[in-house]
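The values are calculated or read from the model by the stated rules, or taken from the named source; none is laboratory data. No experiment lies behind these values; they were computed from the predicted model shown. Using ideal geometry, Cβ is built from the backbone for each residue, glycine included, and neighbour counts are taken over all protein chains shown.
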Amino acid sequence: MSEKEIKEHQLFISSYPVIYRLWRDNKERITKKKMFFKILLFTTISAPFRWVQKILYQRRINKINLNQKPPVFVIGHWRSGTTHLHYLLAQDQRFSFLEAFQAFFFRAALVSRIFMKPILNKLMPKTRPQDNVEINASAPTEEEHSLTNLTHMSGMQSFFFPQNLSYFSEYNLFETSPENITKWKYIYDKMLKQIAFYNGKNRQLLLKNPHNTGRIKILKELYPNAKFIFIHRNPYEVFNSTQHLYRTTIKSQFLQDFGEQEINERVLLGYEKTMMAYLEQRHEIDKENLIEISYNELSEQPMNCIENIYRTLKIGDFTEVKTNFQKYLDNQKNYKKNTFNPVPSELKNQINNRWAFAFEAWDYEMN
């Protein structure tokens with residue numbers, strides 16, 4: 001699937017205040033005006049559903065206390081295996097997660113799922129364009145998608161407005177004011193409560209979000225006993241795959257012009273800043289609440305890897321769900337990973353210089 005085949009935009013089910021704020025901050029450099037007006041149109045159409053959902057459910061959602069069953073966060077840079085790990089862990093029915101339908105229709109999902117979810121299932125592609133992973137309306141999804149519809153305070157807004165890096169800097173790295181951090185924490189917690197309510201509030205949340213990789217300190221303040229699973233991958237492979245992600249998927253969401261060289265620089269900068277932030281903050285997590293695994297470990301010995309996660313984090317009895325994991329893995333045996341040409345020498349030199357800390361931290365060979 002090419003980026004031209006992706007007709008939808010993540011901001012379709014947003015709200016007037018969010019869309020206005022994004023327009024105000026970026027209006028001089030918005031070039032995809034047709035798509036922006038389409039976003040405004042869908043925001044208008046969905047307004048009654050958003051209002052009804054808020055009236056019917058918000059009070060009950062606010063009563064949920066997520067620290068009774070602290071979330072499990074899957075983190076790591078984009079294209080490091082976070083999705084595969086998330087899908088695999090989601091086979092444990094004791095967890096609940098954000099599904100694709102709720103992510104896309106977040107502000108109206110509770111009042112529209114009976115009739116809209118089957119429609120979305122038919123309209124969605126069968127696989128993700130960036131990696132051919134099977135998807136449907138019930139597939140586990142990262143919550144940053146929903147956050148973009150709730151507030152401008154999301155690092156993913158820099159995917160939509162790539163000329164504006166402030167969303168990434170302020171709300172992934174929190175290079176912002178204490179007041180903004182307080183606001184972000186309130187909005188994020190409220191969002192997770194709604195995810196929990198949608199799935200059944202008595203189940204433990206399993207969340208996958210690469211944007212959270214540099215947010216450890218803030219997430220710990222919100223959920224002191226949360227569990228973290230960090231996955232890393234060979235930096236050269238991450239670069240190739242993230243570049244491919246931009247070309248096949250993120251580029252289709254651009255509302256501003258952004259060229260190939262700019263994309264390469266964004267990939268370099270995003271990894272550099274995100275992974276350094278993680279390394280600076282991981283000491284905030286108690287040892288019994290953090291495990292680091294590698295993509296190779298998960299790919300080559302998945303059952304041993306998952307068992308180690310369960311044992312280290314004490315998140316349940318592995319033997320009770322072992323069969324579910326094996327069944328899922330058996331169904332994935334014919335899956336073929338993307339293959340890429342070697343990184344050009346000029347870009348490899350930049351990777352070696354700017355990402356040297358990551359090669360050292362996780363013992364990858366530089367060449």
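Some observations on this one:
- Flag if Ile75 is more than 24 Å from the chain's Cα centre (by Cα) and at pLDDT 95 or above: no
- Hey, Ser299 buried (at least 17 other Cβ atoms within 10 Å of the Cβ), polar (S, T, N, Q) and touching a residue at least 12 places away in the same chain (Cβ under 8 Å) or not: no
- Residues of the stretch 229-240 satisfying the condition of being touching an Asp or Glu at 6+ places or on another chain (Cβ under 9 Å) and either surrounded by 22 or more Cβ atoms within 10 Å (Cβ to Cβ) or part of a strand (DSSP E or B) (or both): Ile229, Phe230, Ile231, His232
- Qualifying residue in the stretch 286-296 (condition: over 29 Å from Lys333 (Cα atoms) and under 17 Å from the mean Cα position of the chain (by Cα)): no
- Search result, residues across the stretch 78-103 that are crowded, with 23+ Cβ neighbours inside 10 Å, under 13 Å from the mean Cα position of the chain (by Cα) and closer than 19 Å to Gln53 by Cα: Leu98, Ala103
- The residues on offer are Tyr278, Tyr328, Tyr310, and the sole one that is aromatic (Phe, Trp, Tyr), farther than 30 Å from Gln157 by Cβ, assigned to a helix (DSSP H, G or I) and out of contact with any Asp or Glu (no Cβ under 9 Å at 6 or more places or on another chain) is Tyr328.
- Scanning the stretch 53-76 turns up one or more residues that are closer than 24 Å to Asn136 by Cβ and free of Cβ contacts under 8 Å to residues at least 60 places away in the same chain.
- Within the stretch 235-282, tally of residues that are basic (Lys, Arg) and closer than 19 Å to Leu173 by Cβ: 3
- Every residue from the stretch 294-308 that is in contact with a helix residue (DSSP H, G or I) (Cβ under 6 Å, 6 or more places away or on another chain) and within 15 Å of Gly76 (Cα to Cα): Glu297, Leu298
- Residues in the stretch 39-51 include none that are surrounded by 15 or more Cβ atoms within 10 Å (Cβ to Cβ), assigned to a helix (DSSP H, G or I), out of contact with any helix residue (DSSP H, G or I) (no Cβ under 6 Å at 6 or more places or on another chain) and touching a residue at least 60 places away in the same chain (Cβ under 8 Å).
- Inspection of the stretch 67-77 finds a residue satisfying the criterion of being closer than 30 Å to Asp317 by Cβ, part of a helix (DSSP H, G or I) and not small (Gly, Ala, Ser).
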